[in-house]
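The values are calculated or read from the model by the stated rules, or taken from the named source; none is laboratory data. Owing to the predicted nature of the structure, the values given are computational and were not obtained by experimental measurement. Positions of Cβ are generated from backbone atoms using ideal geometry, with glycine treated the same way; all protein chains shown enter the neighbour counts.
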């Protein structure tokens, strides 16, 4: 365990909350800029996400009639807290100091909370658009969660451990899981896009169909909190996939001295998450939204099927390695 | 989920103009819908009765921004027929060029909007950038990007100089290449195929029964195009083909519209290269003789009909505009029943609705099938409602 | 995959946006912009006022000697146009016999006085 002073610096400053907020806003800027350039537009300047956040915080909070105000205030904050906590367990500069066996399960659990929050918001706003959006959010959750969890389970199976940091460290001695388990990598990326509710899976928030789905009645600071929560969600999700499939902040050789390893790991972490962001942004720009029943078909037929195939392959590979 | 009423409109991100669908949905499937069209009524037909033939054309142009030249040309053509005028060939060619450029920009706009409705914003941005080429051409020729003001009774107002013709011809090859790319994209892009195929299918019999016009009908295999079957301007001298499809779904309509852009490029190129010399207008008399004329025109959205009655003065006595969108709404009301909630914007966008053209204020009692004159007091209380699944509209 | 290829090509090239007002938007010569009245040429026939679709032009009494088609005549009035009622249709320019009212290529800028009259 690390000393309390270091723990406070880790949690609050770097690579904790301060870095997390800055990086989340930076990734939102980069996402919008890359997509804009792909569409031959200019895109927003670097300061835009900060400006958006400040503007949203300053807007009036409108409570629809008959809605539970305390819950409406609390739910975006709960979502924000969940993703911020999830980020603490992902390796950023080497092992996460809070790692323990089973933290993969904890991170996955925490990362489902924003979707549940959207569903609750949709249900609580007494608004037909939000209700339909909330129901779509939960339906989408049921469809992609099974393949996504299976895809993240297979690296754990091969590494033989339930801790994200140790899975990243296992890849230091062997190949990256993106190479060893390409099917799981693809499913993890698709599942991440569905988790983050980005096109082609932005069904709960479909602007042209149901106004803004569960986000319709969010205004002012609640919208700011939820928006920031989803930005951090992008960082946490990319960091998780980078740790599990691209080796996290570690290189195939060990760097001495330790502090140099931390700095190098930090920049390697940023590089790998940027690569994942590039893939996700291209995916978002190149597709249109699909319908929820079509997602149902694709999810259960192809995604779930492929993840089970990948699981079978990993089990076979494991037994072959043990015997050899 | 039990049956719920989902209000689509009058203000909704899916709609570009106000129309009210009250959709009654069971879960994600639509059971019934009510349609209310009167939000954009501006009384243009009445205002047109008080302006003489010079001043009425800018008014009629402004019925719709996207098909403004269609309205102006249809009216001018009708009045010229009543007066017995033959306008010079150069004027006919210039009117055709502007008409086809307008069709191109309207269909490119539609392609972008259809992509936007399914969340495919990339195609939206690309098509609208290509549309800028057409808009630049129109601005060079007529002075404005919409409401071109090229028409007057007796011919056109502005001539095309040689440099304008050259610049326009120079833009056509790149547009043609982009259209080829869009055909490719639409046929291969998985999400577009999945969202457009099989949605909003209208068979040929249904298309004829509901009176659909334009690309909506041609996509169902109805081989009718006013430019070929009731020719006006120079469409009988220029080589071009009518584009039809057989699917009758939204994908078919996409194919028809992209095909029409390619045909328009062909027509514009032919007209620009073969522009005859001569005057661009004749002197029109101030008054029109007594008479009635039905002027038909193929607007980008379908067949546009202007019924004009004159009584020997310098104004019209009555102009009645039947726009193509009005004819297509019944098919939307019919197609939406049984589809998913997520398909509403796609099906509505597929007829290329232009609510500015459409709004009507007649009261039709569909049970007795009688039309009646209503006083202003009654008008304030009633509104036009069309029921789908009840009786024919 | 044509979409993906096009996207990557766009990513590596300049955007097509014109950064107005830092960059200038090219305005063609035929552009119908702000109306300009050349009072010295006006012969006071009131055609512009009669054909204006939005009744934006009223005639202001103003005596002046003008030369028109080789003859001298005294005009009695000249046009005054409400700047913000003008729809820039160009009918006044088309029907003026003395070429006294024209649409320039100046972009009509916003203002604060709704009843502003241009002469």
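Some notes on this structure:
- Qualifying residue in the stretch B:247-259 (condition: assigned to a helix (DSSP H, G or I), touching a residue at least 60 places away in the same chain (Cβ under 8 Å) and in contact with a strand residue (DSSP E or B) (Cβ under 7 Å, 6 or more places away or on another chain)): no
- Taking the numbered list (1) part of a helix (DSSP H, G or I); (2) surrounded by fewer than 17 Cβ atoms within 10 Å (Cβ to Cβ) in turn, residue A:10 passes all entries but (2).
- The stretch B:124-168, subset in a loop (DSSP other than H, G, I, E, B) and at positive phi, residue farthest from the other protein chains (Cβ to nearest Cβ): B:154
- Of the candidates A:87, A:21, A:72, the single residue that is within 16 Å of the chain's Cα centre (by Cα), farther than 25 Å from residue A:245 by Cβ and either away from chain B (no Cβ under 14 Å) or touching a residue at least 60 places away in the same chain (Cβ under 8 Å) (or both) is A:21.
- Within the stretch A:258-269, residues that are touching a residue at least 12 places away in the same chain (Cβ under 8 Å) have Cβ atoms under 8 Å from residues that are surrounded by 11 or more Cβ atoms within 10 Å (Cβ to Cβ) and part of a helix (DSSP H, G or I) in these pairs: A:269/A:239; A:269/A:242, counting only partners at least 6 apart in sequence or on another chain.
- Qualifying positions in the stretch C:22-54 - more than 13 Å from chain B (Cβ to nearest Cβ), closer than 27 Å to residue B:135 by Cβ and surrounded by 13 or more Cβ atoms within 10 Å (Cβ to Cβ): C:36
- Helices (runs of 4 or more DSSP H) (entirely within the stretch B:18-123) containing at least 2 residues that are over 23 Å from the mean Cα position of the chain (by Cα): B:53-61, B:68-83, B:89-117
- Total residues in the stretch B:323-352 satisfying the condition of being assigned to a loop (DSSP other than H, G, I, E, B) and surrounded by fewer than 24 Cβ atoms within 10 Å (Cβ to Cβ): the figure is 3.
- Qualifying residues in the stretch B:14-36 (those that are in contact with a helix residue (DSSP H, G or I) (Cβ under 6 Å, 6 or more places away or on another chain) and more than 12 Å from residue B:344 (Cα to Cα)) - the one surrounded by the most Cβ atoms within 10 Å (Cβ to Cβ): B:19
- Screening the stretch B:176-230 for helices (runs of 4 or more DSSP H) wholly inside it with 3 or more residues that are away from chain A (no Cβ under 14 Å) returns the ranges B:204-209, B:214-218, B:226-229.
- Qualifying residue in the stretch A:261-280 (condition: outside any helix (DSSP H, G or I) and buried (at least 23 other Cβ atoms within 10 Å of the Cβ)): no
- Of all the residues in the stretch A:291-307, those that are within 7 Å of chain B (Cβ to nearest Cβ) and at pLDDT 90 or above number 0.
- Any chance residue B:174 is in contact (Cβ under 8 Å) with a residue 24 or more places away in the chain and farther than 30 Å from residue B:276 by Cβ: no
- Residue count for the stretch C:90-119 under the criterion of being part of a loop (DSSP other than H, G, I, E, B) and farther than 16 Å from residue C:40 by Cβ: the result is 14.
- Some residue of the stretch A:133-154 being closer than 18 Å to residue A:222 by Cα and surrounded by 23 or more Cβ atoms within 10 Å (Cβ to Cβ): yes
Table: residues versus (1) within 14 Å of another protein chain (Cβ to nearest Cβ); (2) more than 18 Å from the chain's Cα centre (by Cα); (3) modelled with pLDDT of 90 or more.
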site: A:41; (1), (2), (3): yes, yes, yes
site: A:79; (1), (2), (3): no, no, yes
site: A:95; (1), (2), (3): no, yes, no
site: A:111; (1), (2), (3): no, no, yes
site: A:118; (1), (2), (3): no, no, yes
site: A:129; (1), (2), (3): yes, yes, no
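- Considering residues of the stretch C:2-21 that are assigned to a helix (DSSP H, G or I) and more than 8 Å from every other protein chain (Cβ to nearest Cβ) only, the residue surrounded by the most Cβ atoms within 10 Å (Cβ to Cβ): C:9
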